[in-house]
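Nothing in this text is a laboratory measurement; each read-out follows from the coordinates by a stated rule. The shown structure was predicted, so the numbers you read here are calculated from the model rather than taken from an experiment. All Cβ positions, glycine included, derive from the backbone under ideal geometry; neighbour counts span all protein chains shown.
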Amino acid sequence: MTTREFKTHSAEETIALGRSLAPELKGLHLVLLQGDLGTGKTTLVKGIADGLKAAESHNVTSPTYTLIHEYRGAETNVYHIDLYRVEKRRELDTLGVEELLQEENSLLLIEWGEKFAQMVSAADGTIAITRVNDQERKIKFTKK
Ligand SMILES: Nc1ncnc2c1ncn2[C@@H]1O[C@H](COP(=O)(O)OP(=O)(O)OP(=O)(O)O)[C@@H](O)[C@H]1O
Ligand SMILES: [Mg+2]
C-alpha cells in the first residue's frame, strides 16, 4: 500500500492534480472518491478523465441524478459513479457496476462508494479529499 498527500488551493489546481495522477490510475479498476459534499470529488474527476483522454474537463459533470456517467477514451473508459442517492444493495445491483468492473480498460471512479461493503473490498485505490477552508483541500491518494 502506498499513500501520498497533496494540497490544492483552487478548483483549477485540483483539476491539474487529477490530470497528473491519471497515468498512475491507468492500471486500477475501482477508485473510491471520499469526502464530504462539495469538497471536490467531481472536480478531481474532470482532471482525471482529461488526463486519460476520455473527456475534456468542461464536459465532465456530476452524475448526481443519472448515477453513472461514461467517458470513452481510446485506451481507457472512465465511469464516474455517484452512489449518494443509492440506498439499498438491490439498487446498486441494478446499476450494473459489477459488469463495468469486468470490462477491460475500465476505470470506475466512485463517489460515496464506501456506503457499500462490496465496493470497499473491490476498490484498488482511494482518494480522500478534506476541506481545509473555502479554497484549500487536502487530497490523499492510497493505492493498494
Ligand atoms: N481546492 C479546491 N478543489 C476542488 N474544488 C474546490 C477547491 N476550492 C474550491 N472548490 C469548489 O468546491 C466545489 C467542489 O464541488 P464538487 O462538485 O467537485 O464536489 P463533490 O465532492 O463532487 O460534491 P458532491 O458530493 O456533492 O458530489 C466547487 O464549487 C469548487 O469550485
Ligand atoms: Mg460529486
How tilted is helix 11-25 with respect to the longest principal axis of the chain? Cα atoms for both, answer in degrees (0 to 90, nearest 10). 50 degrees
Going by Cα centres, the stretch 89-143 and the stretch 1-43 are how many Å apart? 11 Å
For the stretch 37-144 the chymotrypsin sites (Phe, Trp or Tyr not before Pro) that pass both the DSSP coil test and the at-most-12 other-Cβ-within-10 Å test are Tyr65
Mind checking which lysines have their C-alpha under 18 Å from Lys144, skipping anything on the same chain fewer than 8 residues away? Lys26
According to a simple spin-label model (label point 7 Å from Cα along Cα-to-Cβ), what is the distance in nm between Ser10 and Leu95? 3.2 nm
Computed over the Cα atoms of the chain, the Rg and Dmax in Å are 13.9, 39
What pairs in Lys7/Lys88; Lys88/Lys140; Lys46/Lys143; Lys7/Lys143; Lys88/Lys138 have C-alpha atoms more than 26 Å from each other? Lys7/Lys88; Lys88/Lys140; Lys88/Lys138
With a Förster radius of 22 Å, plug the Cβ-Cβ distance of Met1 and Asp36 into 1/(1 + (r/R0)^6) and report the FRET value to the nearest 0.05. 0.40
What longest region of the chain stays clear of GluC sites (Glu not before Pro) that DSSP places outside H, G, I, E and B and that have at most 13 other Cβ atoms within 10 Å? 1-55
If I stretch the segment between Lys144 and Glu103 completely, what's the gain in nm (0.36 nm per residue apart, minus their alpha carbon distance), one decimal? 12.8 nm
Report the relative contact order of the chain, percent, no decimals, based on alpha-carbon pairs under 8 angstrom and at least 6 residues apart. 35 percent
Relative to the Cα centre, what is the charge dipole magnitude of the stretch 7-138, using +1 at the beta carbon of each Lys and Arg, -1 at the beta carbon of each Asp and Glu, and rounding to the nearest 20 debye? 280 debye
Degrees between helix 41-51 axis and first principal axis of the chain (Cα, 0 to 90, nearest 10): 90 degrees
